[in-house]
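Okay, so here's the structure we're looking at.
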Amino acid sequence: MSLKPRKILGTPYANGAKLLFLGAGELGKETMIEAQRMGIEIVAVDRYANSPGMQVAHRAYPVNMKSERALMAIVAREKPDAIIPEIEAINIDTLFKLEKEGYFVAPCAKAVWTAMHRERLREAIASTGARTSKYEYATDLASFKKACDKIGYPCVSKPIQSSSGKGSYFLKSKKDVEKAFKEAEKARGSAAKIIVEEFIDFDVEITELSVKYVNEKGKDEAKFVRPLGHYQIEGDYHASWHPWIEDGDEKMVKKIEKQVYDYSERIMDQLGGYGLYAHEMFVDLKNGKVYANETACRPHDTGLVTLASMPLGYSEFALHAKAVLGMPIKWHDRIIEPRSSAASHVIISHTEGWYPQYNVTGAYDDDTSVLIFGKPETYPERRMGVVLSCGKTVDQARRKAQASAHKVKIDAGQGWKGQEITEKHY
């Protein structure tokens, strides 16, 4: 599949290009906003009404994302210029059918099919020659025990299809096996098979953002954002910062970044298509080694920090929107550097309810922004927003973002009391 460079933009509802998003969460919302800045018409599809992306889209459809009939009907009606999958819980087979009918799926149906399934993805990454942790697969408790014993403890288990760390477990010893196996049932997708991975004693976990696009001459080209660092709590993103490191041995840093860009390009080429790819990797600074872990074929939650760190028009969302629309990405170098040291920190809910309110007293600081996603439902441990901060150093930005995020208080007790929750509220 090839994209032609786009040189003319239009107007929504008339002669502009149209993007259809399958999934309209907070990441899709930011990509939609970037596309709208270019006059693009946006159609949002998600499993529930009033999702973050639906709040900014020109039109929205709340439907069962696993229904081929529903997705095909929407596409036939809207006839979008590009279809952008944003979540795992969709009918992947439908994407191949749409591609055969001539629709552009970003980055391509094969890439989405591969990246949304851990076994297919791990085998694709390993086939490129990129270094990975040791791994085994299991389908039942007996084979799971054998896989854990073979890999050794500590190790990490993950359901074959999920997101945001749901269903993953860190096993310290044999005592955790049954608990980890049961935890896999919480997968957002499928736990029919579980991957057991060697635990890597890494120093930093990074996200490398790479983008494949067509340049003004109609040739494929790639660019790479300097890596950003992040950390997770129970397998879910909690904070990120950009750049990933500001000190350390310069020679070693360059050696590591060379590996990162090399692995990213290999994986991106193996998956195919056009758009933004987010590669999660482990960095062993002591030994100068990089381990490729996972890749998402779309903007990544850790990349929210690029809204603050990157030059105007070069956030991960802007890069994705430009690439899938056939717009050129102009930059003087192959590596796109951040303009500022910046950090993000999530705003987590500790309550449940509908239409929450946010007390932001004391949350704002110099060079700090509070992003509320606008999710209509809240429950414990759900990510409801994020704080972005810039600083003279990454450490300063991280401290500011964390302090501000912890000052945001979520209240879901008002506005819903005494009302019956019905389907119309979804």
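Summary table
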read-out: Residue match in the range 62-73 (condition: under 20 Å from ARG298 (Cβ atoms), at pLDDT below 95 and outside the structural domain of TYR274 (by TED's automatic domain parsing)); value: yes
read-out: Hey, ALA222 touching an Asp or Glu at 6+ places or on another chain (Cβ under 7 Å) and hydrophobic (A, V, I, L, M, F, W, C) or not; value: yes
read-out: Subset of the range 10-45 (residues that are among the charged types (D, E, K, R) and in contact with a strand residue (DSSP E or B) (Cβ under 7 Å, 6 or more places away or on another chain)); value: LYS18, GLU41
read-out: Members of the range 153-169 found to be touching a helix residue (DSSP H, G or I) at 6+ places or on another chain (Cβ under 9 Å), touching a residue at least 60 places away in the same chain (Cβ under 8 Å) and surrounded by fewer than 21 Cβ atoms within 10 Å (Cβ to Cβ), listed by number; value: SER164, LYS166
read-out: Any chance GLY385 is assigned by TED's automatic domain parsing to the domain that holds GLY275 and part of a loop (DSSP other than H, G, I, E, B); value: no
read-out: Residue match in the range 161-176 (condition: in a loop (DSSP other than H, G, I, E, B), assigned by TED's automatic domain parsing to the domain that holds SER389 and under 14 Å from GLU280 (Cα atoms)); value: no
read-out: Elements of type strands (runs of 3 or more DSSP E) contained in the range 200-285, each with 1 or more residues being among the acidic types (Asp, Glu) and either in the same structural domain as LYS322 (by TED's automatic domain parsing) or surrounded by 21 or more Cβ atoms within 10 Å (Cβ to Cβ) (or both); value: 204-214, 220-225, 236-242, 275-284
read-out: Subset of the range 102-120 [crowded, with 19+ Cβ neighbours inside 10 Å and either among the small types (Gly, Ala, Ser) or over 30 Å from ALA76 (Cα atoms) (or both)]; value: ALA106, ALA109, ALA111, ALA115, ARG118
read-out: GLY288 being in contact with a Lys or Arg (Cβ under 6 Å, 6 or more places away or on another chain) and either closer than 24 Å to LYS134 by Cβ or among the small types (Gly, Ala, Ser) (or both); value: yes
read-out: Residue that is surrounded by the most Cβ atoms within 10 Å (Cβ to Cβ) [pool: residues in the range 290-317 that are assigned to a strand (DSSP E or B) and not polar (S, T, N, Q)]; value: ALA292
read-out: Total residues in the range 2-32, condition more than 16 Å from ILE84 (Cβ to Cβ) and aromatic (Phe, Trp, Tyr); value: 1
read-out: ILE194 vs. criteria in the same structural domain as TYR169 (by TED's automatic domain parsing) and in contact with a Gly (Cβ under 9 Å, 6 or more places away or on another chain); value: yes
read-out: Hits in the range 170-199 (condition: surrounded by fewer than 16 Cβ atoms within 10 Å (Cβ to Cβ), among the acidic types (Asp, Glu) and either within 27 Å of GLY273 (Cβ to Cβ) or at pLDDT below 90 (or both)); value: GLU185
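Yes/no per residue for (1) at pLDDT 95 or above; (2) of a type outside the set (Gly, Ala, Ser); (3) farther than 30 Å from MET268 by Cα:
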site	(1), (2), (3)
HIS332	no, yes, no
ILE336	yes, yes, no
THR368	yes, yes, yes
THR393	yes, yes, yes
GLY413	no, no, yes
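The values are calculated or read from the model by the stated rules, or taken from the named source; none is laboratory data. All values derive from a computational prediction rather than experimental measurement. So basically every Cβ, Gly included, is an ideal-geometry build from the backbone, and we count neighbours across all protein chains shown.
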